[in-house]
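Beneath this line is the structure, given in structure tokens, with notes to follow.
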Amino acid sequence: MMRAMRWLSLFLLVAVSAGCATRSDVDAERSKVDAERLEGKWEVAAVHRNGALDPTEVGSTLTFTGNNVHFTRSFVVPPAPREIRPALR
């Protein structure tokens, strides 16, 4: 009986190890495909901070090359709010 348990535990260990290796291979392939899809130059279209639209980073670019990411900032200063004062008479 003890010998059968050892063989069963060895079989389960091998089966689980093979399943883990297959899963990591699938994950590695998915990561490679995702990286290829991101490859290239991307432009920032909108930025939200604290729930509000923040146009200061719009126009910046992200360039993905292999495992590297390069961020080029295109800082846009939004126009300052203007105060309208009534004319004095």
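FYI, it's all coordinate maths here, none of it is from the lab. As the structure is a prediction and not an experimental result, all values here were calculated from the model.
Listed values for the range 43-57 are Karplus-derived 3J(HN,Hα) couplings in whole Hz (6.51 cos²θ - 1.76 cosθ + 1.60, θ = phi - 60°), namely 10, 6, 9, 7, 9, 10, 10, 6, x, 10, 5, 10, x, 5, 9, and x replaces Gly and Pro. Near the amide H of Trp42, within less than 5 Å, lie the amide hydrogens of Leu62, Thr63, Phe64, all on another chain or at least 5 residues away, with H placed in the peptide plane.
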